[in-house]
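Engineer: Input: one structure, supplied below.
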Amino acid sequence: MGKVKASGPLSRRPDNSAFKQQRLPAWSPALNAHTLLPLFYGVAVLCILLGVWLLVTVQNTHEIKVDYTDADSCSSCYEMREDRQNATKPCSCQVKFTIPENITGDVFFYYGLINFHQNLRLYMDSRDDAQLLGRTRNLKSPSSYCAPFNYVNGIPIAPCGAIANSKFNDTLILYYEGTPRKEVPFYRRGISWYTDQNVKFRNPTINDTFSLAQAFQGTAPPVYWQKPVYDLDTSQPNNNGFTNEDLIVWMREAAFPNFKKLYGVLNRGAKADFKNGLPAGEYTIEIQYNFPVQYFRGRKGVVLSTVTWFGGKNHFLPIAYLVTGGLVLVIAALLTAVYLKFGKDGKNMDFEEESKEEGGRGRI
C-alpha cells in the first residue's frame, strides 16, 4: 500500500532536522576595535604592496605609440578615399619615428583605433556565423542579419555583415633604418584565439581539383575591400578565406571604443639584428592606406609593446590598488583616533560587556 499523505494543521510542518529547523552551528565574530583595526591596517598594507609591485612591473614594459592619422604623407590618400569610386585604388604613405632605447624580448605589433564603436548591438549582430563556418548554402544566400551588407548588385557578399565590411585593412610594413635598411620580420600567424581559429571560422570544403577561389565563385567581397576573401594573404596560401587571421582578429569585437588589436609578433629568429628584440634607432612604417577614420572623428595608429606576466602596459590596476590601499589606511587611522579618544573613556562601556549586562538583566 502507498504511503498515506498527512493532512491537518501540521501537514506542512518542516522536518525536525538541524537544517530545516535552523539549528546549524554558526560563528558570530565579536567585532571590536582589537579585531577590526588590525584587519584594516593589514588590508591597506597588502593593497599598497600589490599596487607598488604591479606599478614597477608596468613601468618595465616598453610601449611605443605612433599615430599616423594626420601624417602629411597620408593626407593625399585620405582625400582620394573620400570618393567611393577610389576605394579599390592603391595608395601608400610613410611615417618615420624613433625608438630611443633597445626594446628587448618579444615585441608585439598592434594597430589601434580611437572612437570606433564595435560594441553596438546592431553592429555586433550584423554577421552570419553559419556562413563563417563555410556552409555553401549561406555563401549563396547570406542571412538577413547582414542587411544591407549581404548583397551588392544582386551578388551575395562573403563574408557578409557590417563587421566584415568595416574590417581594418591598412597594410603595415616596418623598416629599420640601419645600414643597410632592413624590413622587420613579424609572425603573421598565430595571432588569433585558438577557439576562433579552429571552431568558429572554417573555409568551404576544397581539394586538389577544387580550389578556394572556386569555392567562393559567385560571391563578391565587401564593398570597401581591396581583395576578395580567398586572396587576402598572397604570401601564405593557408591564411586565406574565412580562416584568415587578420579577419578573425577583427571579427572578435572590442568592448570599448578605444582599442588595439594584434597585427603581428616579432620574428626574432629570422634576422640576427632582431635576435634580442628591436634595437634603438630610426624606423619607418610603410602604409597601404585603405581605412579612413576621419569620417567618424576617429584616429588610428600602431603600437609596439612588450608584455610581462601582467600583460601589456596598463596603469589602471596598480593605481586602483594604491588608491584603495590609501583610502583604507586613512579610514583605519581615523577609526584609531576615534577609538583612542572615546573608546577608552570611562563613561563609555565596551560593547561586548554592555551586551552581557543586557543579557543578564533579560534572564532575571
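Engineer: Kindly establish whether P221 is loosely packed, with under 13 Cβ neighbours inside 10 Å and either among the small types (G, A, S) or out of contact with any Gly (no Cβ under 7 Å at 6 or more places or on another chain) (or both).
Structural biologist: Considered against the rule, which asks whether it is loosely packed, with under 13 Cβ neighbours inside 10 Å and either among the small types (G, A, S) or out of contact with any Gly (no Cβ under 7 Å at 6 or more places or on another chain) (or both), P221 comes out as no.
Engineer: Also, I was wondering about something else. What residue, of A272, A280, is in the same structural domain as H117 (by TED's automatic domain parsing), farther than 14 Å from F108 by Cα, free of Cβ contacts under 8 Å to residues at least 40 places away in the same chain and surrounded by fewer than 16 Cβ atoms within 10 Å (Cβ to Cβ)?
Structural biologist: Answer to the selection: A272.
Engineer: Kindly list the number of the only condition in (1) in contact (Cβ under 8 Å) with a residue 60 or more places away in the chain; (2) of a type outside the set (S, T, N, Q); (3) in a loop (DSSP other than H, G, I, E, B) that fails for D233.
Structural biologist: (1)
Engineer: Criterion first (in contact with a Leu (Cβ under 7 Å, 6 or more places away or on another chain), at pLDDT 95 or above and farther than 30 Å from G218 by Cβ) does F109 satisfy it?
Structural biologist: yes
Engineer: Additional query: Is it the case that some residue within segment 194-204 is under 27 Å from V303 (Cβ atoms) and assigned to a loop (DSSP other than H, G, I, E, B)?
Structural biologist: yes
Engineer: A further question on this structure: Give me the residue from segment 66-83 that is free of Cβ contacts under 8 Å to residues at least 24 places away in the same chain and not in a loop (DSSP other than H, G, I, E, B) and, out of that set, surrounded by the fewest Cβ atoms within 10 Å (Cβ to Cβ).
Structural biologist: So, considering only residues that are free of Cβ contacts under 8 Å to residues at least 24 places away in the same chain and not in a loop (DSSP other than H, G, I, E, B), the one surrounded by the fewest Cβ atoms within 10 Å (Cβ to Cβ) is D72.
Engineer: Same structure again: Only one of G105, G154, G112, G134 is assigned by TED's automatic domain parsing to the domain that holds V265 and in contact with a Pro (Cβ under 8 Å, 6 or more places away or on another chain). Can you tell me which?
Structural biologist: Going through G105, G154, G112, G134 in turn, the sole match is G134.
Engineer: Consider V95 against the criteria (1) surrounded by 14 or more Cβ atoms within 10 Å (Cβ to Cβ); (2) not in a strand (DSSP E or B): it satisfies all of them except one. Which criterion is unmet?
Structural biologist: The failed condition is (2).
The values are calculated or read from the model by the stated rules, or taken from the named source; none is laboratory data. Quick caveat: nothing in here was measured; it's all calculated off a predicted structure. Note: ideal-geometry Cβ built from the backbone for every residue, glycine included; neighbour counts use all protein chains shown.
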